[in-house]
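Engineer: Take a look at this one; I'll ask things after.
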Amino acid sequence: MGLLSRINDKFPDKPRGLLAKAECAGKIHYGTDISFHVWAEKKGFDLCALLKEENNCFHFTHIHGLSLKSLETSYSTKDFWNGLIDGKNWNCFSGEKVLSLLQIFSSEDRKKISTLYVLPFTAENEDFLFVVSGDIPLSTLESNKDILRELRDFSCTCNGFEQSVSPEAVKKALTFCHASFFVISARLALDKLFCESYSDEKQKLCKMAMKEIYYALSSMFPHPNSICRGNNCELKAVLFLKDDIDANLLQFHLNKMVSHLFENSSENLQVLPAGQCSSEKGINDFLLKG
């Protein structure tokens, strides 16, 4: 039996438990809400990112198929890009031409890239760049006019990480089992990962990193379970369980699910038990107030 079995046989529409999914090593699961990851997968992009210009400097705001370290290395000047890209069309870089662009990726992510396509565009008077790597014919990208329209939609959204909680689902779940609370912290790992960045920059990087961690874990918490943003570099999770679960074992499996974000290193997340509850009010207070 899996460590986290289904909440109850009376919830047939829910997928198998959290840790049963973690056994699918190598397959990244993302939340069911509309996200950059879901969009990229539908487009068939294995590795892509969106960069935004701020204060004459571009940096990643959305990534797919890349590690969190690339959030930090992506900072590049507007002059750097002006010397490389041509107009408002797709630009293709391969062979020796791609080498100058590899500096915006982490050392591990660079190994995945042989060809890079770059599309510059504007949205609401702001400059953006979309980069995608893979075995994709340039003609395919140029003929897909939906890409630019959809990218503009992404560029105008924060892509926050909040998961709605259904009162009806919570009420039903509480008739079968209690809710267990957990705090998932990445503070130590992110402090180490972004140690070379200044304080203000690190704060922004950590916020973007937590969004990526959230999306990597969110499908592991199907309704009525829930996961949402916590304080600083933390996420808060609610699991409806018949039996208690060992926090260390949960931590082990959740770390497996985010190892690709940390370039396959382990023990990046800390999972702390935060109590149990059998009331809707208590659950809402934990998620909303901490």
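Engineer: Could I have the simple spin-label model distance between residue 204 and residue 243, label points 7 Å from Cα toward Cβ, reported in nm to one decimal?
Structural biologist: Roughly 4.8 nm, to one decimal.
Engineer: For segment 243-290 and segment 86-162, what is the centre-to-centre distance using only Cα atoms, to the nearest Å?
Structural biologist: Their Cα centres are 34 Å away from one another.
Engineer: Restricting to DSSP loop positions (anything but H, G, I, E, B) with no more than 14 other Cβ atoms inside 10 Å of their own Cβ, which GluC sites (Glu not before Pro) remain in segment 107-201?
Structural biologist: 124, 162, 196
Engineer: Under 5 Å between amide H atoms, partner at least 5 residues away or on a different chain: which partners does residue 62 have, H built in plane at 1.01 Å?
Structural biologist: Amide H neighbours of residue 62, under 5 Å, 5+ apart: 50.
Engineer: Further question on the same structure: For segment 82-183, give the percent of accessible area contributed by carbon and sulfur heavy atoms, probe 1.4 Å, rounded to a whole number.
Structural biologist: Reported share for carbon and sulfur atoms: 48 percent.
Engineer: Now for a different question. Accessible area per residue, 1.4 Å probe, Å², for segment 179-284: what's the number? Please list the in-between numbers first.
Structural biologist: On the way: 4780 Å² over 106 residues.
Counting only protein heavy atoms, the per-residue value for segment 179-284 is 45 Å².
Engineer: So how do 81, 90 rank on accessible area, 1.4 Å probe, biggest first, that is with the largest at the start?
Structural biologist: In descending accessible area the options line up as 90, 81.
Engineer: Lysines near residue 97 by alpha-carbon distance under 17 Å, same-chain residues fewer than 8 away left out - which ones?
Structural biologist: Straight-distance partners of residue 97: 111, 112.
Engineer: Right, here's the next one. Accessible area of residue 78, 1.4 Å probe, to the nearest 10 Å²?
Structural biologist: Accessible area of residue 78: about 60 Å².
Engineer: So which GluC sites (Glu not before Pro) in segment 233-287 end up in coil per DSSP with only 14 or fewer other C-beta atoms within 10 Å?
Structural biologist: Here the GluC sites (Glu not before Pro) that fit, given the DSSP loop and packing criteria, are 267.
Engineer: Toward the positive end of the charge dipole of segment 50-197, about the Cα centre and with charges on Cβ (Lys, Arg +1; Asp, Glu -1), which of 179, 60, 155 goes farthest?
Structural biologist: It is 179.
Engineer: Restricting things to alpha carbons, tell me how big segment 210-290 is in terms of Rg and Dmax, in Å.
Structural biologist: Gyration radius and largest Cα-Cα distance of segment 210-290: 12.8, 40 Å.
Engineer: Hey, any idea what Rg/Rh is for segment 110-216, computing Rh the Kirkwood way over Cα pairs?
Structural biologist: 1.09
Engineer: Starting from the Cα-Cα distance between residue 256 and residue 123, subtract it from 0.36 nm times their residue separation and give me the gain in nm to one decimal. Present the calculation step by step, with values, prior to reporting the outcome.
Structural biologist: Details: separation 133, 0.36 × 133 = 47.88 nm, distance 3.68 nm.
44.2 nm is the gain from fully extending residue 256 to residue 123.
Engineer: Moving on. Per 10 Å bin from zero, what fraction in whole % of the C-alpha pairs of segment 43-138 is there, up to the bin with the longest pair?
Structural biologist: Once binned at 10 Å, the Cα pair distances of segment 43-138 give 16, 55, 28, 1.
Engineer: Just to be sure I understand the model, the point goes 7 Å from the Cα along the line to the Cβ. What's the resulting residue 178 to residue 99 distance in nm?
Structural biologist: Roughly 6.3 nm, to one decimal.
Engineer: Could you give the dipole magnitude of segment 43-121 about its Cα centre, charging the beta-carbon of Lys and Arg +1 and that of Asp and Glu -1, in debye to the nearest 20?
Structural biologist: In total the dipole reaches around 160 debye.
The values are calculated or read from the model by the stated rules, or taken from the named source; none is laboratory data. Because the structure is a prediction, the values reported are computed rather than measured. Cβ coordinates were reconstructed from backbone atoms using ideal geometry, including for glycine residues, and neighbour counts include every protein chain displayed. Surface accessibility is based on the protein's heavy atoms, side chains included, excluding ligands, DNA and RNA. Shrake-Rupley method; radii C 1.70, N 1.55, O 1.52, S 1.80 Å.
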